[in-house]
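Written below as structure tokens is the structure these notes are about.
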Amino acid sequence: MLKQVIALSVAAALISGCTTIQKPITPPLTNADLNSSLQVSQTVIIDAINSQNSQQASDISALSEEMRKLKTQISTAMSQKPKTIIVQPPMPKPVSVPQQCPEAMIGEKFLLGEVESVFVDEVKAKFATRIDTGAESSSLDARNIVLFEREGEQWVRYDVMTNGIDQPVNTFESKVERFVRIKQDADTGDDRRPVIHAHLKIGKYAAETDLNLTDRSHLDYPLLLGRKFMKDIAIVDVGQIYVHGKAKNQITTLIK
């Protein structure tokens with residue numbers, strides 16, 4: 001009996017040992033199993049990438065918002081910065097300095113050029129004037145000369161082109177101081193002219209002289225001053241003109 005029990009125990013132990021040592025057999029994978037595994041892996045990878053992109057987009061959005069706030073703060077600070085206003089002082093008004101000619105004097109005599117602007121007070125006009133040392137007397141261009149008497153004295157009525165060439169003339173009346181005969185050529189004979197007393201101004205220089213009235217339309221200058229005017233008061237430099245300044249509104253002739 002005992003031998004049978006021992007034999008059964010040994011047999012049971014051997015059977016138990018064989019059962020423990022034997023490994024289970026893994027079944028082979030099918031194509032469906034592989035595709036399913038790949039899809040799962042792909043889904044996991046895509047989800048991870050999307051999550052990463054979403055985080056990056058969120059970070060970029062946050063950074064953009066911070067930059068926007070910073071720009072707003074800078075703009076606000078710039079707008080609140082006090083402005084520096086530069087006020088220019090008013091420009092001074094230009095001062096018109098009258099052009100002054102140098103004092104044209106030689107000793108006690110005034111220097112005159114060959115041509116000067118001369119104001120004649122009796123006709124209230126300035127004339128381009130020839131200063132002629134070759135002529136003895138002085139003369140003024142006058143038209144329509146008419147002699148008449150007034151209170152027993154000899155007077156003269158005459159027209160002067162004080163408004164310029166081709167403009168209406170002005171008529172003046174003056175007392176005749178005397179008559180003068182100007183020698184002409186042999187064919188025309190002497191020219192008898194009335195003489196008036198006139199007040200002249202050349203630059204700053206004022207003087208009085210006698211002017212004979214005659215038609216000077218054929219000559220270069222409407223007014224001529226001769227030697228009698230210059231005697232003891234002026235010296236002429238024929239190399240100069242308008243020593244005392246040239247008037248803008250002076251009267252001249254068609255030739256000039």
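Computed from the coordinates by the stated procedures, all read-outs in this text should not be read as laboratory data. Only a predicted model underlies this, so the values are computations on that prediction, with no experimental measurement involved. We place every Cβ from the backbone using ideal geometry, glycine too, and count neighbours over all the protein chains shown.
Applying 1/(1 + (r/R0)^6) with r as the Cβ-Cβ distance of Glu108 and Asp210 and R0 = 25 angstrom yields a FRET efficiency of 0.65.
Which of Asp141, Asp159, Asp132 has the fewest other C-beta atoms within 10 Å, and how do the rest follow up to the most?
Fewest to most other Cβ atoms nearby, the residues stand as Asp159, Asp132, Asp141.
Taken along the Cα-to-beta-carbon direction at a fixed 7 Å, the label points for Gln154 and Glu122 span 1.3 nm.
Less than 5 angstrom separates the built amide H of Arg216 from those of Ala142, all sequence-distant by 5 or more or on a different chain. Derived scalar couplings between HN and Hα for the stretch 190-196 equal 7, 10, 8, 10, x, 10, 10 Hz in order, rounded to whole Hz, by the Karplus curve 6.51 cos²θ - 1.76 cosθ + 1.60 (θ = phi - 60°), x for Gly and Pro. Under the combined filter of DSSP loop state and at most 16 neighbouring Cβ atoms within 10 Å, the stretch 114-221 retains these trypsin sites (Lys or Arg not before Pro): Lys124, Lys183, Lys204.
Counting only Cα atoms, the size of the stretch 105-237 along its three principal axes is 44, 35, 33 Å, in decreasing order. Here the residues Thr171, Thr214, Thr253, ranked from fewest to most Cβ neighbours within 10 Å of their Cβ, fall in the order Thr171, Thr253, Thr214. In order along the stretch 59-64, phi translates into HN-Hα couplings of 5, 5, 4, 5, 5, 4 Hz, rounded to whole numbers, per the Karplus curve 6.51 cos²θ - 1.76 cosθ + 1.60 with θ = phi - 60° and x for Gly and Pro. 3J(HN,Hα) along the stretch 108-124, derived from phi through the Karplus expression 6.51 cos²θ - 1.76 cosθ + 1.60 where θ = phi - 60°, amounts to 9, 10, 7, 8, 10, x, 5, 10, 9, 8, 10, 8, 10, 5, 5, 10, 6 Hz, with x in place of Gly and Pro.
Computed from point charges on the beta carbon alone (+1 for Lys and Arg, -1 for Asp and Glu), the dipole magnitude for the stretch 106-256 about its Cα centre is near 360 Debye.
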